[in-house]
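This report refers to the structure that appears directly beneath it.
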Amino acid sequence: MPDSVALRPEIQYANLEQQGDTAQLGMWVFLVNETLFFGALIFIYFMYRMTYPHEFAEAAQDAVLWCGTVNLVLLLTSSLTMVLAINSAAQGERRQMIRWLIATAALGIAFLLVKGYEYHLDFQSKVVPVVNFETKAGEGRARQLFWVFYWVGTGLHAIHLIIGVGLVLYMLLWRIRQGKITAVYYAPLEVVGIYWSFVDVVWLFLYPSIYLVGRS
Amino acid sequence: MSSTTAERAAAPDTAPPSEPSYLTAENTVASWLLTKDHKRIALLFFVSITFFFFVGGAAATLMRLNLATPEGLLQPSVYNRMFTMHGIIMVWFFLIPSIPTTFGNFFVPLMIGARDLAFPRVNLGSWYVFNLSGAVVLYSLIMGGADTGWTFYTPLSTSYANGYVFAAAMAVFINGFSTIMTSLNFIVTIHRMRAPGMTWMRLPLFIWATYAVSVVMLTATPVLAMDTFLLAVERFIGVGVFDPNLGGDPILWQHMFWFYSHPAVYIMILPAMGVASEIIPCYARRPIFGYAGMTVALMAIAILSFFVWAHHMFVAGISIYAGVVFSLLTFFVAVPSAIKVFNWTVSLHKGRISFDAPMLYALGFVLLFTIGGITGLMLATLGVDVDVHDTYFVIAHFHYIMVGATVSAFFGALHYWWPKMTGRLYPEMWARFAAILTYVGFNLTFFPQFILGYLGMPRRWYTYPAEWQSWNLLSSAGASILAVAYVLPLLYLGWSLFWGRKAGANPWRATGLEWSTPSPPPTHNFERTPVVTAIPYCYDPEHDSFVTQEGARYAG
Ligand SMILES: [Cu+2]
């Protein structure tokens, strides 16, 4: 297992620096697109929440606060470990980098496990539209709108996180094993890091929208 | 003035290439399907979108056949499905990808002096995603099609329509990923891959147009993606955010749809503007008038296009104040558009004009765009729009822009860059004939629809009162001419692939970097990275000389 190999830029780039810069810009541009994607959903959410403030506050009582909060902590910590991994990469500390990356992936997986358990609890408390949904007496029908948003929002977020975990594992099991991430060229890791932080930021918007409504 | 440009002394060829051309470098099927070469991917896209152009065209043919007589030919439900599939396929599977994925893919790296796009694998992936979405839309079509109109208005699309709406919406959703991948690639490439000396204000206007359209694609498409995703969820499981039974708002769909689909109109027209800005100076042998103004106008159109969407909803129950504001904002978009038309026109002044096929297409583009634009202003006027809303007036207006202007520019680009892409010259006389036929056929097809709309014929109806038959018949007859004009290039361009005269590196004596490399270009585009020293379009009509962007001067 080589620690590092001599890298050459792809044919369209003049040098590795240009290749790394370009890859990072690519991710930022992609995140502009992602921001509008989730932004559209969150816009819809706020529009309906302003239209139906009471229904949304009532519906949010059934959201499992502790799951969301634990996940918030897990994800924020994972962003820290991700940055530490990139920092280690920049310093050329290979073992440290691998350790931090494993921690990042583990935290991401822990998030998904908690999320899965929360979905199980949601099913039991009958807040799954169509499949298992109980309309409580005296509650408005708009309550279901909240839960449609919940499932679409957390579902899409989970898919993004699964992709993020996949990317971290790809770095660990492929790029780093081949010795292609070095102190000279670690741009791919930074690209993954940027994406990871974005997934984290999405949760920063979903968390108050779902778990903190009507709990003040 | 009458001689074709190719007959005049061509610029001297560069030295014989040391690398084989991109077409002959490898010959296996796998070398095409797994290629990372932007030029080959451009041709793959060309094949895909040409296929969908004819599928969408077949649906249009059935529609015009049906409307030739008041009694009609198709059953009403079949007619509904035909116009829906015509719209979906033409918009997302031809018009939006048309110029960017083919000529953009092929010429963005060549015109900025790069060896490839920034992300070749993403580029290839875009083609596969496009074909996946194409397969889904064909599935929807073959199973019986959707009948909601290309706009998928809720609650018709979520609750009442019978067709394969879910598949059609998913096709649009998947298609969006392809658009996003392509636009992301262009933005990053134009930012980071320009040759030395290729500053922003030396970029050819086609690059500026591609940049502007990529920005619009990147920021508008995700909103449509979320919109169609929520629609698919609602259609699939029966509960969703547009459902009035839950207190959801069906009009929300329209807002989000037009937030994408108005900019989408500019996604279709901006690259066409870029093409016209390349062709007109080259065939007028004169620098483009107001280069800086053109770049500002492109970006202004891109940005303003996001603030006018509700002009499609004047009768959908939005407030009168919103209507007034959106009407006013829509007028604002006309300003940069008019600047462009003005500049193209002035670019002809004191030029040494030759009416070769690309120029005929480009001039057709300007004329049809102007008619489409001016009728657009009529529609932006609140009172007029309420009167002619959902009539053939609207149909005629947007076909002037999307078909008349954009498809003309597409064919103009195809002829202009054909020698570069294939190394062969097309037969000039046939091409001129096709260009004029396009213009005649198009106006015959769609001008009567302005009149029908003004008389009050609603869009999407399969039948009409007998007294409107002559206009409808005229339109259908025009459509058959238009069909010939669209098939004709396929034949003579195909012929020229084998028997056309060999083109030199720069048959049109143009200034862009793409003409400094052999035709067809070698796999990695340039023998050595070009160094740019001049602004584009340095043509001198008086001496018939020109200076390429690399600073080489060629006398007349
Ligand atoms: Cu519009």
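A:Val152 fails exactly one of the following numbered conditions: (1) surrounded by fewer than 16 Cβ atoms within 10 Å (Cβ to Cβ); (2) modelled with pLDDT under 95. What is the number of that condition?
Unmet condition: (1).
Yes or no: region B:240-255 includes at least one residue that is at pLDDT 95 or above and more than 16 Å from the ligand (Cβ to nearest atom). First the steps, then the outcome.
Going residue by residue through region B:240-255, those that are at pLDDT 95 or above are none.
No - not one qualifying residue is present in region B:240-255.
In the list B:Thr330, B:Thr295, which residue meets the criterion of being assigned to a helix (DSSP H, G or I), open to solvent by less than 10 Å² (accessible area, probe 1.4 Å) and farther than 30 Å from B:Glu428 by Cβ?
Numbers: B:Thr330 fails: open to solvent by less than 10 Å² (accessible area, probe 1.4 Å).
Exactly one residue qualifies, and that residue is B:Thr295.
Quick one: B:Ile288 ticks every box in (1) within 16 Å of the ligand (Cβ to nearest atom); (2) part of a loop (DSSP other than H, G, I, E, B); (3) open to solvent by less than 30 Å² (accessible area, probe 1.4 Å) except a single one, so which number is it?
(1)
Report the residue count in region B:303-336 for those that are in contact (Cβ under 8 Å) with a residue 24 or more places away in the chain, within 15 Å of the ligand (Cβ to nearest atom), more than 19 Å from B:Ile374 (Cα to Cα) and among the small types (Gly, Ala, Ser).
So the count comes out to 2.
Restricting to region B:257-278, name every residue that is without any contact (Cβ under 8 Å) to a residue 60 or more places away in the chain and open to solvent by less than 10 Å² (accessible area, probe 1.4 Å). Step through it out loud before you land on a result.
First, pick out the residues of region B:257-278 that are without any contact (Cβ under 8 Å) to a residue 60 or more places away in the chain: B:258-260, B:262-263, B:266.
Of everything in region B:257-278, those that are without any contact (Cβ under 8 Å) to a residue 60 or more places away in the chain and open to solvent by less than 10 Å² (accessible area, probe 1.4 Å) turn out to be B:Tyr260, B:Pro263.
Search region B:147-199 for residues being under 16 Å from B:Ala264 (Cα atoms) and part of a loop (DSSP other than H, G, I, E, B), and hand back the single one that is nearest to the other protein chains (Cβ to nearest Cβ).
In this case the residue turns out to be B:Phe152.
If a residue counts only when it is hydroxyl-bearing (Ser, Thr, Tyr) and surrounded by 24 or more Cβ atoms within 10 Å (Cβ to Cβ), which helices (runs of 4 or more DSSP H) contained entirely in region B:379-470 have at least 2 such residues?
Working: elements: B:382-388, B:392-399, B:406-422, B:428-455.
Because the criterion is at least 2 residues that are hydroxyl-bearing (Ser, Thr, Tyr) and surrounded by 24 or more Cβ atoms within 10 Å (Cβ to Cβ), the helices (runs of 4 or more DSSP H) in region B:379-470 that meet it are B:406-422, B:428-455.
Yes or no: region B:349-357 includes at least one residue that is out of contact with any Asp or Glu (no Cβ under 7 Å at 6 or more places or on another chain), open to solvent by 10 Å² or more (accessible area, probe 1.4 Å) and within 16 Å of the ligand (Cβ to nearest atom). Write out each step before concluding.
First, pick out the residues of region B:349-357 that are out of contact with any Asp or Glu (no Cβ under 7 Å at 6 or more places or on another chain): B:349-351, B:353-355.
Filter once more, keeping what is open to solvent by 10 Å² or more (accessible area, probe 1.4 Å): B:349-351, B:353, B:355.
Next cut, within 16 Å of the ligand (Cβ to nearest atom) only: none.
No, region B:349-357 has no match at all.
Of all residues in region A:40-96, how many are within 14 Å of chain B (Cβ to nearest Cβ), surrounded by 14 or more Cβ atoms within 10 Å (Cβ to Cβ), of a type outside the set (Lys, Arg) and touching a Ser or Thr at 6+ places or on another chain (Cβ under 9 Å)?
Qualifying residue count for the region: 2.
Could you tell me which numbered condition A:Ile159 fails, if it satisfies all but one of (1) open to solvent by 20 Å² or more (accessible area, probe 1.4 Å); (2) in a helix (DSSP H, G or I); (3) hydrophobic (A, V, I, L, M, F, W, C); (4) in contact (Cβ under 8 Å) with a residue 40 or more places away in the chain?
(4)
Only residues that are open to solvent by 10 Å² or more (accessible area, probe 1.4 Å) and charged (D, E, K, R): list them for region B:226-241, please.
B:Arg235
Could you list, in sequence order, the residues of region A:77-123 that are part of a loop (DSSP other than H, G, I, E, B) and under 18 Å from A:Gly20 (Cβ atoms)?
First, the residues of region A:77-123 that are part of a loop (DSSP other than H, G, I, E, B): A:92-93.
Matches in region A:77-123: A:Gly92 only.
Looking at (1) in contact (Cβ under 8 Å) with a residue 24 or more places away in the chain; (2) more than 23 Å from B:Thr219 (Cβ to Cβ); (3) under 22 Å from the mean Cα position of the chain (by Cα), find the lone condition where B:Ile374 falls short.
Condition (1) is where B:Ile374 drops out.
Within region B:200-225, can you find the residues that are open to solvent by 20 Å² or more (accessible area, probe 1.4 Å) and more than 8 Å from every other protein chain (Cβ to nearest Cβ)?
Applying the first criterion (open to solvent by 20 Å² or more (accessible area, probe 1.4 Å)) to region B:200-225 yields B:200-202, B:208, B:211, B:215, B:219.
Residues satisfying the conditions are B:Trp200, B:Met201, B:Arg202, B:Trp208, B:Tyr211, B:Val215.
Return the residue satisfying two criteria in turn: it lies in region B:242-255 and is under 34 Å from the mean Cα position of the chain (by Cα) and open to solvent by 10 Å² or more (accessible area, probe 1.4 Å), and of such residues it is nearest to the other protein chains (Cβ to nearest Cβ).
Let us first name the residues in region B:242-255 that are under 34 Å from the mean Cα position of the chain (by Cα), namely B:242, B:249-255.
Still in the list and also open to solvent by 10 Å² or more (accessible area, probe 1.4 Å): B:249-251, B:254-255.
Working: B:Asp249: 8, B:Pro250: 13, B:Ile251: 11, B:Gln254: 13, B:His255: 10 Å.
Among those residues, the one meeting the criterion is B:Asp249.
The values are calculated or read from the model by the stated rules, or taken from the named source; none is laboratory data. Values in this document were obtained by computation on a predicted structure and should not be read as measured data. Positions of Cβ are generated from backbone atoms using ideal geometry, with glycine treated the same way; all protein chains shown enter the neighbour counts. Note: accessible area is taken over every heavy atom of the protein model, side chains too, but ligands, DNA and RNA are not part of it. Shrake-Rupley method; radii C 1.70, N 1.55, O 1.52, S 1.80 Å.
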